[in-house]
Amino acid sequence: MNQILMIEVSPRGKDSASRAVTETLAARLSALHPEAKLIRRDVAAEHLPHLDDITLRAISSNDPAEVERLKAAATLSDELTDELLASDLLVISTPMWNFGIPSALKAWIDLVVRPGRTFRYDSGGVDGLASGKKAILVLASGGVFSDGPWRPFDFVEPYLRHILGFIGIADVQTVRAEGTHLPHLAPEVAPKASRAVEALLL
Ligand SMILES: Cc1cc2nc3c(=O)[nH]c(=O)nc-3n(C[C@H](O)[C@H](O)[C@H](O)COP(=O)(O)O)c2cc1C
């Protein structure tokens, strides 16, 4: 294992359930893979930009002259994409917000899901170019979505698995810190998530 990339999304610092789980996971990964470089990218603190017209052209144009002319606009996307492609393991640690992912995480995704870099269209359909990596999702939610009546309203895990599959990452495990807003479940959220981290195949 050469490099591990952790994308941390919750802005809630020490109060964050997803970040607490990610701390435990980071400690386990460091113990198991002391040689690996561990990059922690805090997209809540970084305020990644939304794609604008120029950036979109810079990262998706087929015209080499335009790509060259606009290359400064692709700098951040290039950096984030290189970082992802150089990593063997990707950890995405995120809260559920309004049944989906926070826009800070969507901004990161929009900057790294790039034609010619992390996917390409070929005659057979889509070819994911970020293959050979594993991913772990750490998902925090106020309610319970792994099972029960709210399961169909989880637009976090299905979306993340789909977009990772789109770029070639199919080996995905999930740890949930769920029920943080449910008084009868809240005390068990952290211990249950810790046990799930222990059970991960790393
Ligand atoms: C803006 C916002 C929207 C939220 N939307 C949902 C939601 O749709 N479903 C849910 O179960 N919890 C929702 N929650 C609760 C969070 O998912 C919950 O507090 C979770 O623990 C947040 O992760 P964190 O502790 O890592 O910040 C929402 C919280 C916030 C702040």
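If each residue's Cβ is checked for other Cβ atoms within 10 Å, how do Met6, Met1 rank with the fewest at the top?
On the way: Met6 21, Met1 16.
Lowest to highest Cβ neighbour count: Met1, Met6.
I'd like to know how the stretch 1-52 sits against the 2.2 N^0.38 Å rule of thumb: what's its Cα Rg over that expected value? Present the calculation step by step, with values, prior to reporting the outcome.
On the way: Rg = 12.7 Å, N = 52, 2.2 N^0.38 = 9.9 Å.
With N residues counted in the stretch 1-52, Rg over 2.2 N^0.38 Å equals 1.29.
Can you return the lysines within cross-link range of Lys37? Criterion is Cα-Cα under 20 Å, with same-chain partners fewer than 8 residues away left out.
Lys133, Lys134
Name the shape class, rounded, prolate or oblate, that the alpha-carbon gyration tensor gives for the stretch 134-198, where a ≥ b ≥ c are the square roots of its eigenvalues, rounded holds for a/c under 1.5, and otherwise prolate holds if a/b is larger than b/c and oblate otherwise. Walk me through the numbers before you get to the answer.
Working: a/c = 3.30, a/b = 1.57, b/c = 2.10.
Verdict is oblate for the stretch 134-198.
Using Cα-Cα distances under 8 Å and only pairs 6 or more residues apart, what relative contact order does the stretch 70-171 have, in percent? Please report the intermediate quantities before stating the final value.
Details: 128 pairs, mean separation 33.2, N = 102.
It rounds to 33 percent for the stretch 70-171.
By a straight-distance test (C-alpha under 26 Å), which lysines pair with Lys71 as possible cross-link partners, with residues fewer than eight away in the same chain excluded?
Candidates past the 8-residue exclusion: Lys106.
Is the chain rounded, prolate or oblate when judged by the Cα gyration tensor, a ≥ b ≥ c being the square roots of its eigenvalues, rounded requiring a/c under 1.5 and prolate requiring a/b larger than b/c? Could the numbers behind the result be given before it?
Details: a/c = 1.89, a/b = 1.68, b/c = 1.13.
Prolate, since a/c reaches 1.5 and a/b exceeds b/c.
Over the stretch 1-158, what is the mean sequence separation of C-alpha contacts under 8 Å (at least six apart), divided by residue count, expressed as relative contact order in percent?
28
For a test of the definition: using alpha carbon positions, the gyration tensor, and the 1.5 limit on a/c, classify the stretch 1-97 as rounded, prolate or oblate. If you can, show how the numbers build up before the last one.
Values: a/c = 3.78, a/b = 1.72, b/c = 2.19.
Oblate.
Every read-out reported here was derived from the displayed coordinates using simple, explicitly stated rules and does not represent laboratory data. The shown structure was predicted, so the numbers you read here are calculated from the model rather than taken from an experiment. Reconstructed Cβ throughout: ideal geometry from the backbone, glycine too, with neighbour counts over all protein chains shown.
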